[in-house]
Amino acid sequence: MHEPAGTNSRTKCCRASRAGFTLIEVLIAVLLLDIGLLALAGACAVLIRHTTLARSRATALQLATNRLETLASGACMAASGVVDGAWGFRESWFVRLVPIGAREIGDSVSFTVQGISRSIVLRTRLPC
């Protein structure tokens, strides 16, 4: 059998063994994939942390808003109170009479998210 000019059996052997990926290339590809997956897992953890904080803030804001609306619809007299609510929310509210014929209403809702204490404070003044 005659081989074409410029080729020999040694060249065919080397080309056949180079087909596919080497072990180093596969290991580098797996390493890059692992780094990407770890970054994705870290991003998910941050997203969950921020979502939990946003949900807690929204709940605290809703509690404070409801309390202010309830106190605003009540009688024009001084009062205060503290309520330990569900899910670790603590609410402290007051109604103060001010000399200009009005009342100051305030509500503070405290909560803890991931070991950090936070609070939402709302205040308003309304005529008596």
(request) Could you identify the single residue in ARG96, ARG123 that is under 20 Å from GLN62 (Cα atoms), among the charged types (D, E, K, R) and surrounded by fewer than 17 Cβ atoms within 10 Å (Cβ to Cβ)? (result) ARG123
(message) Residues that are surrounded by 16 or more Cβ atoms within 10 Å (Cβ to Cβ) and under 16 Å from the mean Cα position of the chain (by Cα): does the stretch 58-75 have at least one?
(response) yes
(message) If the requirement is being over 30 Å from GLN114 (Cα atoms) and either loosely packed, with under 10 Cβ neighbours inside 10 Å or modelled with pLDDT of 85 or more (or both), which of these qualifies: ILE35, ILE24, ILE48?
(response) ILE24
(request) Taking only the stretch 87-127 into account, find how many residues are part of a loop (DSSP other than H, G, I, E, B) and touching a strand residue (DSSP E or B) at 6+ places or on another chain (Cβ under 6 Å). (result) 1
(message) When the residues of the stretch 70-110 are narrowed to those that are of a type outside the set (D, E, K, R) and in contact with a Gly (Cβ under 7 Å, 6 or more places away or on another chain), which ends up farthest from VAL121 (Cα to Cα)?
(response) PHE94
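Table: residues versus (1) of a type in the set (A, V, I, L, M, F, W, C); (2) farther than 27 Å from HIS50 by Cβ.
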| site | (1), (2) |
| --- | --- |
| VAL83 | yes, yes |
| GLU91 | no, no |
| ARG118 | no, no |
| PRO127 | no, yes |
(message) Considering only residues that are outside any helix (DSSP H, G or I) and out of contact with any Leu (no Cβ under 6 Å at 6 or more places or on another chain), which ones fall in the stretch 43-86?
(response) SER73, GLY74, ALA75, CYS76, MET77, ALA79, SER80, GLY81, VAL82, VAL83, ASP84, GLY85
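The values are calculated or read from the model by the stated rules, or taken from the named source; none is laboratory data. Source: prediction; values computed, not measured. Neighbour counts are summed over all protein chains in view; Cβ atoms, including those assigned to glycine, are modelled from backbone coordinates with ideal geometry.
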